[in-house]
Amino acid sequence: MTAPTEKPRQLLHLVFGGELQELHGLEFRDPTKLDIVGVYPDNDSAVAAWRAKAQATVDNAHMRYFIVHLHELLDPYVDSL
């Protein structure tokens, strides 16, 4: 008899981006026009979405995409995997 397998914890990640005011800054030109790419269940799928959007906008030097680890914000006292 085998032990039941544990379902991996859901580690939500948000991918979003927009045009920055300055190349090395973190302020967006127009926060109302942020591109919310989506919420992903794990880091690997979030990185894949981030990479696709970053590569698609490579010609715009001010466009930046980010990954936010929502699971850390939802429960900041639990160590992430």
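The table for this structure:
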quantity: Nearest-ten-degree value, helix 43-56 long axis tilted from longest Cα axis of the chain; calculated: 20 degrees
quantity: Net charge of neighbours whose Cβ lies under 12 Å from the Cβ of THR57, counting Lys and Arg as +1 and Asp and Glu as -1; calculated: 0
quantity: Computed lengthening from ALA48 to LEU23, 0.36 nm per intervening residue step minus Cα-Cα distance; calculated: 6.7 nm
quantity: 5 angstrom amide H check on HIS13, placed H, neighbours 5+ away; calculated: TYR40, ASP42, LEU70
quantity: Pairwise label distance in nanometres, VAL68 with GLN10, each label 7 Å out on the Cα-Cβ vector; calculated: 1.8 nm
quantity: Placed amide H near LEU20: partners under 5 Å, 5+ positions off or other chain; calculated: ARG29, MET63, ARG64
quantity: Sequence of HIS13, HIS71, HIS24 once ranked by neighbouring C-beta atoms within 10 Å, starting from the fewest; calculated: HIS24, HIS71, HIS13
quantity: Summed side-chain charge close to GLY18 - residues other than GLY18 whose Cβ falls under 14 Å, Lys, Arg +1, Asp, Glu -1; calculated: -1
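The numbers here are math on the coordinates, done by the rules we state, and not lab data. As the structure is a prediction and not an experimental result, all values here were calculated from the model. Every residue, glycine as well, gets a Cβ built from its backbone with ideal geometry; the counts of neighbours run over all protein chains shown.
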